[in-house]
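See below for the structure under consideration.
The values are calculated or read from the model by the stated rules, or taken from the named source; none is laboratory data. This is a predicted model, so every value here is computed, not measured. Glycine gets a Cβ as well: all are built from the backbone with ideal geometry, and neighbour counts include every protein chain shown. Side chains included, ligands, DNA and RNA excluded: accessible areas come from the protein's heavy atoms. Shrake-Rupley method; radii C 1.70, N 1.55, O 1.52, S 1.80 Å.
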Amino acid sequence: MNQNTRSLFHFLTRVSHLFQPSNLRDVGQEKRAQVDMTCKSQRLMQQAGLIHPSNPGCYYYLPATVRSMEKLVRLIDQEMQGIGGQKLDMPSLCSAELWRRSERWDLMGKELFRLRDRHGAEYCLGPTHEEAVTELLASQGTLSYRQLPLLLYQITRKFRDEPKPRFGLLRGREFYMKDMYTFDMSEEAAYRTYESVCQAYTRLFSRLGLCIVQVHADTGNIGGKLSHEFQLLADIGEDRLLVCGSCSFSANVETMEPGQTDCPQCQEGTLVESKGIEVGHTFYLGTKYSCIFNATFNNTQNKPAVTEMGCFGLGVTRILAAAIEVMSTEEAIRWPALLAPYQVCVLPPKRGSKVDEVAGLAEELALSLGEALPRLRGEVVLDDRTQMTIGKRLKDASRLGYPYVVVVGQKAAEETPRFEVICQQTGETTFLSRDGLVDLLRCVETV
């Protein structure tokens, strides 16, 4: 083995080495566990060893899920930084004093996880950070109008004491969220920023291949003057939506008159009710928090003025689970292509089979794909459990949702080796030479 070949081992992952305690073939265990599984994404993710329950509403995110989440975070970073967002990280432990100043300490009720330190000081585990970020800005002294708009965001764990956590990662007590907070010099400018963030959300979901509906929404306990939810239509969704078939109007039923079926925007269409999973939420806050915490700037006349604010959330773990919920079959996970933990799975023949002699070719192929296509380095996995038949491993590969599965079988032993290539998204199977396979995978996008 030469030095170049040895170095490639850094880019090859073997299924036998993965920490992914799946229950893909334990039918009895699946039936027993399904009693506690309330939706398809929860069942598929637990069976595949993507998540493992810890306590009600909390999960271990296992390595494959972390890979997908990291990809989603990179996509979110690209879109947020593309509109001028700056990433920071705020404490999860939030002072009760800040929340009392905004009057949300009592307003939030039992949803807040509350605690005291050894000195008796009260805190909460932050479900959101409007108070914290506005206090941070105010503590820096008066800004100049030239520094605005300011778009600050973080991607961190959030906590909410859900009374009945369910649906796996769709409604939990501990979850990952992207929350952005914006500061502008005028209401007009704040609306421009609001629209800019909404457009970034639309681009993000388009890149993920998710069909999202942006609906008018209630501002709830966050408050403000304007709010939209980004909803993924799904039967399991807990939000009731009204969508017009004649124009772009859509709204959460909470914002409409009871029983209303006529569209207030076009006056012609009929509103049809659907269910949705909320994966994003945007708020124009105005000066609600900046007045309380005195977050000001010097305007063009060099006089102090209060900043106009917005806040914008994305449910990171919820997006992951919701995508699996709407894209998967009852038996197999299907990912947004950019978020699949691995893009390619290579299957060698069964040990001791008639074509066992091409097993080395399978490993060499898996290694060489990362060399020929640098973007696939770290994205190819070799299912080296060769004590199992190809059929069983194909079933596992299907249920785990690798976008491309490459079977090194009988045709690989021909003078010009050909490989069976299965595209999981389309179900199409083709036989390709090595060059043909490289050409096919050249179009694979990664992040």
Original post:
How far, in nm, would the chain grow between residue 240 and residue 38 when pulled straight, counting 0.36 nm per residue and subtracting the alpha carbon separation?
Top reply: 70.9 nm
**OP:** Rounded to the nearest 0.05, what FRET efficiency do residue 389 and residue 438 give with R0 = 41 Å and r taken as the Cβ-Cβ distance? Could you check?
**Re:** 0.90
**OP:** At 0.36 nm per residue, minus the direct Cα-Cα distance, what do residue 192 and residue 154 gain on full extension? Give it in nm, one decimal, please.
**Re:** 11.6 nm
Original post:
Around residue 58, with a cut-off of 13 angstrom between Cβ atoms, what is the net charge of the other residues, counting Lys and Arg +1 and Asp and Glu -1?
Top reply: +3
Original post:
Hey, any idea what % of the chain's accessible area is carbon plus sulfur with a 1.4 Å probe?
Top reply: 49
**OP:** Apply the Karplus parameterisation 6.51 cos²θ - 1.76 cosθ + 1.60, with θ equal to phi minus 60°, to every residue of the range 90-97 and state each ³J(HN,Hα) to the nearest whole Hz, in sequence, with x for glycine and proline.
**Re:** 9, x, 6, 8, 10, 5, 4, 4
Subject >> Of 354/411; 71/350; 164/288; 164/225; 178/395, pairs whose Cα-Cα distance is over 23 Å >> reply: 71/350; 164/288; 164/225; 178/395
Subject >> the chain: relative contact order as a whole-number percent, Cα under 8 Å and 6+ apart >> reply: 16
**OP:** Measure nothing but the geometry: give the 0 to 90° angle between the long axis through the Cα atoms of 187-208 and the longest principal axis through the Cα atoms of the chain, rounded to 10°.
**Re:** 10
Subject >> the range 112-119 - phi-based ³J(HN,Hα) in whole Hz, Karplus 6.51/-1.76/1.60, Gly and Pro as x >> reply: 7, 7, 10, 7, 10, 8, 5, 9
**OP:** Output the relative contact order of the range 239-323, whole-number percent, from Cα pairs under 8 angstrom with separation of 6+ residues.
**Re:** 25
**OP:** Determine which residues of the range 128-151 fall in the zone a paramagnetic label at residue 114 would reach in this model, i.e. backbone nitrogen under 17 Å from the point 7 Å along Cα→Cβ.
**Re:** 128
**OP:** Please determine, in degrees from 0 to 90 and to the nearest 10, the orientation of helix 390-400 with respect to the longest principal axis defined by the Cα atoms of the chain, where the helix direction is its Cα long axis.
**Re:** 10
**OP:** Per DSSP H run of n ≥ 4, the term is -39500 (n - 2.57); total these for the chain, divide by its residue number, and report the mean residue ellipticity at 222 nm rounded to 500 deg cm²/dmol.
**Re:** -9000 deg cm²/dmol
Subject >> Whole-angstrom gap from the range 42-88 to the range 287-346, using each part's C-alpha centre >> reply: 13
Subject >> the range 339-447: relative contact order as a whole-number percent, Cα under 8 Å and 6+ apart >> reply: 29
Subject >> Order by protection proxy (mean Cβ within 10 Å, highest first), peptides 267-274, 185-192 >> reply: 185-192, 267-274
Subject >> Accessible area (Å², per residue) of the range 89-217, counting only protein heavy atoms and a probe of 1.4 Å >> reply: 48
Original post:
Say R0 is 25 Å: what FRET efficiency, to the nearest 0.05, do residue 445 and residue 77 get from their beta-carbon distance?
Top reply: 0.95
Subject >> Cα-projected label distance for residue 211 with residue 255, points at 7 Å along beta-carbon direction, nm >> reply: 2.2
Subject >> Computed E for residue 301/residue 428 - FRET, C-beta separation, R0 51 angstrom, nearest 0.05 >> reply: 0.20
